[in-house]
1. Can you tell me which condition Gly540 does not meet? The list is (1) small (Gly, Ala, Ser); (2) out of contact with any helix residue (DSSP H, G or I) (no Cβ under 7 Å at 6 or more places or on another chain); (3) not assigned by the TED database to the domain that holds Asn679, and all the others hold.
2. Please specify each residue of the stretch 19-56 satisfying the condition of being open to solvent by 10 Å² or more (accessible area, probe 1.4 Å) and either within 17 Å of Lys107 (Cα to Cα) or touching an Asp or Glu at 6+ places or on another chain (Cβ under 6 Å) (or both).
3. Could you grab me the full set of residues in the stretch 189-203 that are touching a residue at least 12 places away in the same chain (Cβ under 8 Å) and more than 20 Å from Thr283 (Cα to Cα)?
4. Quick one: which helices (runs of 4 or more DSSP H) sit completely within the stretch 88-173 and have at least 3 residues that are outside the structural domain of Glu74 (by the TED database), β-branched (Val, Ile, Thr) and without any contact (Cβ under 8 Å) to a residue 60 or more places away in the chain?
5. Would you pick out the residues in the stretch 516-564 that are over 22 Å from Glu194 (Cβ atoms), aliphatic (A, V, I, L, M) and touching a Pro at 6+ places or on another chain (Cβ under 7 Å)?
6. Is there a residue in the stretch 674-683 that is outside the structural domain of Cys230 (by the TED database) and under 18 Å from Ile561 (Cα atoms)?
7. Scan the stretch 296-315 and give yes if some residue there is without any contact (Cβ under 8 Å) to a residue 40 or more places away in the chain, farther than 30 Å from Thr549 by Cα and part of a loop (DSSP other than H, G, I, E, B), otherwise no.
8. What are the residues in the stretch 405-439 that are among the polar types (S, T, N, Q) and open to solvent by 10 Å² or more (accessible area, probe 1.4 Å), if any?
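The values are calculated or read from the model by the stated rules, or taken from the named source; none is laboratory data. Predicted model, so just to flag it, every value in this text is computed and none were measured. Cβ atoms come from the backbone with ideal geometry, glycine included; neighbour counts cover every protein chain shown. Just so you know, the surface numbers come from the protein's heavy atoms only, side chains and all, with ligands and any DNA or RNA stripped out. Shrake-Rupley method; radii C 1.70, N 1.55, O 1.52, S 1.80 Å.
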Amino acid sequence: FPADASRKHSKKIFFENLSGAGKAIAVLTSGGDAQGMNAAVRAVVRMGLYVGAKVYFIHEGYQGMVDGGDNIKEASWESVSSMLQVGGTVIGSARCKEFRTHEGRLKAAHNLVQRGITNLCVIGGDGSLTGANLFREEWSELLGELVKKDLIASDAVQKYSALHIVGMVGSIDNDFCGTDMTIGTDSALHRIIEVVDAIMTTAQSHQRTFVLEVMGRHCGYLALVSALACGADWVLIPEMPPEDGWEDKMCQKLSANRAGMKRLNIIIVAEGAIDRNNKVITTEYIKNLVVKCLGFDTRVTILGHVQRGGTPSAFDRILASRMGVEAVLALLETTANTPACVVSLYGNQSVRLPLMECVQMTQEVQKAMDEKRFEEAVKLRGRSFENNLKTYKLLAHRKPESELPSSNFNVAVLNVGAPAAGMNAAVRSAVRVGISEGHKMFAVSDGFEGFYKGQIKEIKWADVGGWTGQGGSLLGTKRTLPAKHLEKIAEQMRKHNINALLVIGGFESLLQLYEARGTYEELCIPMCMLPATISNNVPGTDLSIGADTALNAIVETCDRIKQSASGTKRRVFIIETMGGYCGYLASVGGLAAGADAVYIYEEPFDIKDLQANVEHLTEKMKTTIQRGLVLRNENSNDNYTTDFIYQLYSEEGRGVFDCRKNVLGHMQQGGAPSPFDRNFGTKISAKAMQWISKKLVETFRNGRVFANTEDSCCLLGMRRRALVFQPVVQLKDETDFVHRIPKEQWWLKLRPLMKILAKYKTSYDVSDSGQLEHVVRLRPTELEASVAM
């Protein structure tokens, strides 16, 4: 890494003054395990050590805290090596009845005071976090009892007067209010979608119906989002039980889909699914119903604990690493009067929320469900959940032709640029929402090249069935920009009477169309761009469709490459990633894979930096570290090529480690889209089509559509907490067109975090870290980022 970290950011508050010297932090995982917990533990340990605190593992959750002894061990830097890619929790988790008793908590307090621990980082669900808060509230009383029993000295009461607690939510169910995503949810979705994709191939062969049960005793998030991600025919969740008579409606839907040449049906059921009378709906009941009413060959698959297993996804590793670092910062800043807080994700930003406010709201959801206030329960789950449900209903259930509004508008959709996983999900969503809004939808093949050649045809509801899980671009996509073919494009728009345009891909094409409006009146129509590129280099958005799938491909490959060296002598791998001049894939992939160094164009580096990195890695290799990982973005430097860096490391590391190099290439563009990309593409596309419908009505005058204002040609992007429509002409000043990257990139703030976790001394900007907020203020506008799945 270059020695001067994050030097592009001017206004900074560094944590150098937030010293952890003299503090002891303990980390524990409690309740059900979740993939990504190890990444959180690793981040807490390394960040804690970095700021000078002592850090302890508490093995086996609260049981270990009560039992003490070897269950509470001091952690070292090396003790969390090689755990980033491991599922579950390596420090163990257990449900502890004893901690629920006063006597049990007294034992736990004694064990902590003996080691001087007054800072607890708890990773678990709402039960674990509620227990931690009760422990905190009783702390003074417990210390008083320990003094009376002569188990601790009287001065210890003053010395350890307050217990500080920060929580991180680890739960695959995503059932905790106050955060868009809990640690483990994305990985659980990966497991579900892997199974559903596999089942779909066999179901198609035999024309079968499959009923899948997924986890979620009290929360239907996994069922709902996996149904959205695979285009399931029917979904049953506890928050929104089906109306009476749902059985007939479901069978009619399945029958209609088969009649429309669909060879399979998928029904997804949350394990806690109920009907309006609180009667449990089982998979066996649904199977018997389908067989009896329709005679379809029907099978049941219960996924069970498969969903908890496997390696954590890239999203969960990054989320857990960011949350772990944020938790340590929160503990350093806490005072005796600070309430116990939980570190949460809202949109793309870390926030801190009072723990008990979140717990109370989570309990309110269950109360609303018990009292059959189902609409309220859905709202209490949060905007993300509510939008998922609305989007699913919009895309899965087609209205009869007689109920559709008649708009008489023609809307064209096309892909542009390189293929990105999730493009097909976005096209499917656009087509179905457009048809629901009463528009006639047209598909353009092969991007703008196909547009000027007239490869335009109407696309129907059934034409996009099964598109969600397909990688690449089924419409075809080319890098051709429209500037050289504007006349022919305008002619095709006139010929097909195109009234609005949805472009999925890069950003320059729409800017060229906007700038040509003065010459070609046909281009004076509402136009919207959805960012889709694996490089994540589109201005005006923090995330692009396809980037998450590419990150998972990189992280999975890095895991395999590192594992290939297990049991051999010390080895360093030099890996080249794609991304053009944008270092997003290399940097964020490096954070998720546990890289020792990452070279990117945005942070210039020289031979001194390379030398410092080699020396740093050599020092690490002399201890217990056996494998090193170095990532290089393909265009990071013209002269310091991957070959050059490989040769330099090979020469300078001679006698300590050997080197291997890998160029990942186009495997980063391929594969089935990740659950995140499927849902991100689906939801922003639905939102874009609703915006287009609104603009069409606004700009329809004197029998035609005419839109020539800046705000009628927009990019829909995610910015921090919000989904925002931004005029493309306004994004011009934010773009470095030579290198095809935005001038400001949010993820550069993650680089110092990555360096800290790789044992580099650096400065970390905490000006953007989460401040304590309140749950009620958390969802302020309708432009919320209900995007993190």
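1. Looking at each condition in turn, Gly540 falls short on (2).
2. Tyr56
3. Across the stretch 189-203, the qualifying residue is only His190.
4. In the stretch 88-173, no matching helices (runs of 4 or more DSSP H) lie anywhere.
5. Correct list: Val538 only.
6. Looking through the stretch 674-683, none of the residues is outside the structural domain of Cys230 (by the TED database) and under 18 Å from Ile561 (Cα atoms).
7. So far as the stretch 296-315 goes, no, none of its residues is without any contact (Cβ under 8 Å) to a residue 40 or more places away in the chain, farther than 30 Å from Thr549 by Cα and part of a loop (DSSP other than H, G, I, E, B).
8. Result: Ser406, Ser407, Asn408, Asn410, Ser436.
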